[in-house]
Amino acid sequence: MNKLKPGRSRVKLTKPLAGDFKSRLKPDRLNEIILLARGLLVERGFDAFTLDEVALRARCSKTTLYRRWSNKSDLIVEVIGREIPTAAPNTGSLRGDLEELLSRIARVMDDDVGAIFLAVALAMQKDKDLKRAWHKQGLLPGKQGMERIVARAIARGEIKARPNLKLLHCILPGTIFWAWFVEKSSDRKTFRHHLLHNVLLPFMHTHDSE
């Protein structure tokens with residue numbers, strides 16, 4: 001039986017937690033896995049999406065994936081997060097910034113990302129891990145940019161106070177999803193024009209508390 005030398009103590013080894021070895025995935029390899037996961041999500045949808053299949057397609061071990069993502073929901077949220085434009089437009093005016101933001105959101109929704117958003121939104125109703133990961137990242141189309149747009153508009157004196165952005169973050173994605181996937185509006189440029197002038201710009205001048 002081996003004995004410990006004086007002054008030494010036994011060290012208990014524990015299983016590494018997800019995220020402890022994130023640096024092991026080089027950027028190019030990480031991008032490759034994200035792209036493969038995105039394709040699988042479009043192909044299979046949320047329910048049939050598995051880390052086992054991602055590992056198979058990426059030709060890596062499941063351990064490699066679990067070191068970065070604790071479950072499939074964390075990976076899916078990272079996939080979606082890369083599709084959402086987060087940089088705020090800075091055209092010099094509130095109207096110009098909102099117009100550009102809507103245009104960016106429309107480009108994302110026109111891609112298959114829109115269908116991914118819809119599928120994930122439905123899956124969140126029954127999957128707690130997905131809901132937790134989604135809210136942790138704050139992934140709402142336009143949310144990040146809208147915060148900066150409003151701050152700049154107040155600084156320029158275009159609006160007097162911060163509007164109820166919490167309410168707006170509920171209204172804007174739902175309105176766009178409805179137009180794209182339920183009404184299936186063919187003239188989306190006209191829809192964005194009406195959304196900007198009849199909804200967003202008037203809303204910016206309201207001062208209801210959040």
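The values are calculated or read from the model by the stated rules, or taken from the named source; none is laboratory data. Treat the numbers as computed from the prediction; the structure is a model and nothing was measured. Methodologically, a virtual Cβ is constructed for each residue, glycine included, from the backbone with ideal geometry; neighbour enumeration extends over all protein chains shown.
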Exercise. For segment 172-192, which residues satisfy the criterion of being modelled with pLDDT of 85 or more and either among the β-branched types (V, I, T) or within 16 Å of S93 (Cβ to Cβ) (or both)?
Worked result: T175, T190
Exercise. Would you call E32 part of a helix (DSSP H, G or I), modelled with pLDDT under 90 and not β-branched (V, I, T)?
Worked result: no
For this session: Would you tally the residues in segment 86-124 being in the same structural domain as G145 (by TED's automatic domain parsing) and either modelled with pLDDT under 80 or within 17 Å of the chain's Cα centre (by Cα) (or both)?
Result: 23
Problem set entry | Any hit, segment 1-22, residues being closer than 21 Å to I76 by Cβ, in a helix (DSSP H, G or I) and at pLDDT below 50 | yes
For this session: Being surrounded by 18 or more Cβ atoms within 10 Å (Cβ to Cβ) and either polar (S, T, N, Q) or under 19 Å from V120 (Cβ atoms) (or both) is the filter here, so list the residues in segment 84-99 that pass it.
Result: I84
For this session: Please work out if A115 is in a loop (DSSP other than H, G, I, E, B) and surrounded by fewer than 19 Cβ atoms within 10 Å (Cβ to Cβ).
Result: no
Exercise. If you go through segment 45-56 one residue at a time, do you hit one that is surrounded by fewer than 16 Cβ atoms within 10 Å (Cβ to Cβ) and either among the hydrophobic types (A, V, I, L, M, F, W, C) or in the same structural domain as N198 (by TED's automatic domain parsing) (or both)?
Worked result: yes
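Name the single residue that is farthest from the chain's Cα centre (by Cα) among those in segment 54-71 being touching a residue at least 12 places away in the same chain (Cβ under 8 Å) and under 13 Å from L36 (Cα atoms).
Among them, the one singled out is C60.
With the condition being closer than 24 Å to M109 by Cα and touching a Pro at 6+ places or on another chain (Cβ under 9 Å), I'd like the helices (runs of 4 or more DSSP H) fully within segment 142-210 carrying at least 3 qualifying residues.
143-156, 165-177
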